[in-house]
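To start, the structure under review is shown below, and the notes come after it.
The values are calculated or read from the model by the stated rules, or taken from the named source; none is laboratory data. Since this is a predicted model, take the numbers as computed values, not measurements. No Cβ is skipped: glycine too gets one built from the backbone with ideal geometry, and neighbour counts run over all protein chains shown. Side chains are part of the model used for accessible areas, which takes the heavy atoms of the whole protein and leaves out ligands, DNA and RNA. Shrake-Rupley method; radii C 1.70, N 1.55, O 1.52, S 1.80 Å.
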Amino acid sequence: MTSSKSILRLGRLPILCKNNNAIRRQYSSSPGLKTIGFIGLGNMGANMAHNLIKKGHNLVVYDIQSAATSQFEKLGAKVAPTPGDVAAQTDRIVTMLPASAHVKNAYLGANGILQGVKKGSLLLDSSTIDPDTSKYIAGEASAKNATYLDCPVSGGVGAAKAGTLTFMVGGPQKEYAEVEVLLRAMGAKVVLCGGVGSGQAAKICNNMLLGISMIGTAETMNLGIKMGLDPKLLASILNSSSGRCWSSEIYNPVPGVVDGVPSGNDYKGGFGVALMTKDLGLAQNAASGSGTATPLGALAYQLYQMMCSQGYKGKDFSAIFQFLQDNENHN
């Protein structure tokens with residue numbers, strides 16, 4: 001059986017700053033700002049939490065990895081031993097976890113948030129999970145006189161670090177004004193999509209399109225290179241033509257075409273193949289449940305499942321380019 005510790009395990013924490021004393025002085029808390037609980041300090045969560053500190057918030061943090069929490073402790077954050085202890089110390093909590101099972105455990109587990117939650121708390125989940133899980137947790141939170149909103153994000157690690165994420169919010173209108181202010185400390189755009197679960201619906205649709213477009217970009221770039229085109233030249237043409245998309249312009253999967261993206265670092269970091277596979281699976285579940293035809297989404301899901309089974313699971317999802325080339329070489 002999976003333990004509560006292992007189910008909350010996150011990815012490796014990026015190094016935030018070498019001079020912790022300087023950071024603590026520069027980002028000292030501001031009077032009047034609420035203390036925020038933050039659970040899940042992986043590649044995305046760590047950068048989001050860091051931006052809250054930069055904006056003057058005090059934090060109470062939890063993560064299964066002590067290396068993650070110790071860095072924030074050096075920046076002045078309090079470290080809680082369980083998610084429930086986070087909830088006991090603050091009434092505004094952000095969670096950023098890998099999948100539905102982790103979120104359920106963090107909120108509903110024996111030492112979960114709802115065991116210690118305060119009346120009137122706002123619980124903001126930025127994980128990407130299935131909408132039904134969000135709705136169920138919202139109901140359980142309501143029974144404890146707390147409000148849960150799903151607030152998944154788009155933009156990736158780069159946007160999390162820069163504080164330019166887009167938040168897709170599902171939840172009650174009456175809490176949205178306060179939620180928007182808090183989320184803008186970590187992002188550039190906050191959109192109320194509707195009731196609980198609608199933020200997840202928007203995120204699932206976005207990530208299905210992202211997976212499809214990354215595969216299309218990888219295939220296109222690979223074909224052009226095989227036909228003798230310089231990859232940077234081809235990318236410049238695509239990005240000034242009707243084929244332009246985020247995957248071709250901002251996050252190109254071919255090494256050396258765009259600086260500072262995972263393709264230039266052996267596909268390390270970024271948004272993992274395993275997470276993309278999970279999100280494409282959520283999209284297929286939603287498509288089946290709603291009777292929606294998504295043939296390209298289904299094919300994208302199959303391809304990323306193949307990547308997971310062939311050793312690409314820990315790489316960035318743009319490694320689909322490498323996957324295509326490797327499979328050509330094996331044929």
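So the values come out like this:
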read-out: ³J(HN,Hα) computed for each position of segment 167-183 - Karplus, 6.51 cos²θ - 1.76 cosθ + 1.60, integer Hz, glycine/proline x; value: 9, 9, 9, x, x, x, 4, 5, 8, 5, 4, 5, 4, 4, 4, 5, 5
read-out: Distance violations [Cα-Cα > 20 Å] among K34/K104; K54/K78; K34/K118; K278/K313; K232/K278; K161/K189; value: K34/K104; K232/K278
read-out: Nearest-10 value in Å² for the accessible area of S66, using the 1.4 Å probe; value: 90
read-out: 25 °C / 0.890 mPa s Stokes-Einstein diffusion coefficient of the chain, Kirkwood radius on C-alpha pairs, µm²/s; value: 119
read-out: Heavy atoms of D230 accessible to a 1.4 Å probe, total area in Å² rounded to 10; value: 80
read-out: Principal-axis tilt of helix 131-143 within the chain, Cα atoms, nearest 10 degrees; value: 0
read-out: For segment 246-293: accessible area per residue (Å², 1.4 Å); value: 44
read-out: Estimated FRET transfer efficiency (A143, K313; beta-carbon r; R0 30 Å; 0.05); value: 0.20
read-out: Sequence-separation-based contact order of the chain, relative, with Cα cut under 8 Å and 6+ spacing, percent; value: 12
read-out: Accessible-area value, E328, 1.4 Å probe, nucleic acids and ligands omitted, Å²; value: 80
read-out: Theoretical FRET efficiency, 1/(1+(r/R0)^6), r = Cβ-Cβ of R184 and I250, R0 30 Å, to 0.05; value: 0.85
read-out: Extended-chain gain in nm, criterion 0.36 nm per residue less alpha-carbon gap, Y176 and K232; value: 15.8 nm
read-out: Folded to 0 to 90 degrees: helix 198-226 orientation relative to the chain principal axis, Cα; value: 30
read-out: Rounded FRET efficiency, nearest 0.05, which uses the C-beta distance separating S70 from A298 and R0 of 45 Å; value: 0.55
read-out: Folded to 0 to 90 degrees: helix 320-330 orientation relative to the chain principal axis, Cα; value: 40
read-out: Rule-of-thumb Rg ratio for segment 51-129 [Cα; 2.2 N^0.38 Å; N residues]; value: 1.05
